[in-house]
Amino acid sequence: MAVLARFFPILIMLTVPLSSCEKLELEVNVPNCIEQQIREIKQEDVRNPPAKVWQWKVDNKIYYYITSDCCDQFNYLYDSNCNVVCAPDGGITGAGDGRCPDFNGQVEQTLIWEDDRN
């Protein structure tokens, strides 16, 4: 048992980096910070409804919309550096946080990841 206790930390150190380097199969290229957010969601319990990540193209800019894990919570919109831009919807009223810019152009939304775990 003492031998196992000595090697357990080494085993953990070897397996943790492997799990965080998992290559995500995404249809489009996304910033590393968005990939990291997806990895973090995958470490959580499955959300109800399942988490989704959308890419929004509007006014020649790219944003990422990530759904929350349940009711009355904001769904956040991030820029390509993972800075929160606003919450377009969600919250108690369902109307978001009211801080979103007025998008002048058409918003092209592409689903780039959906949690398919059960």
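Values in this text are rule-based calculations from the coordinates and carry no lab data. Note that the structure is a prediction, hence the values are computed from the model and not measured. Cβ: placed from backbone, ideal geometry, glycine included. Neighbour counts: every protein chain shown.
Is it the case that some residue within the range 95-105 is surrounded by 13 or more Cβ atoms within 10 Å (Cβ to Cβ), aliphatic (A, V, I, L, M) and either over 14 Å from Trp54 (Cβ atoms) or over 18 Å from the mean Cα position of the chain (by Cα) (or both)?
no
Identify, please: which residue in the range 25-55 is in contact (Cβ under 8 Å) with a residue 40 or more places away in the chain and over 20 Å from Leu77 (Cβ atoms) and is, among those, nearest to the chain's Cα centre (by Cα)?
Lys42
Take Cys100 and tell me if it is outside any loop (DSSP other than H, G, I, E, B) and farther than 20 Å from Glu40 by Cα.
On the way: outside any loop (DSSP other than H, G, I, E, B): no; farther than 20 Å from Glu40 by Cα: yes.
So Cys100 does not fit the description; no.
Among the residues of the range 103-118, what is the count of those that are of a type in the set (S, T, N, Q) and in a loop (DSSP other than H, G, I, E, B)?
Within the range 103-118, the first condition is being of a type in the set (S, T, N, Q), and the residues that meet it are 104, 106, 109-110, 118.
Now drop any that are not in a loop (DSSP other than H, G, I, E, B), which leaves 104, 106, 118.
Number satisfying all stated conditions: 3.
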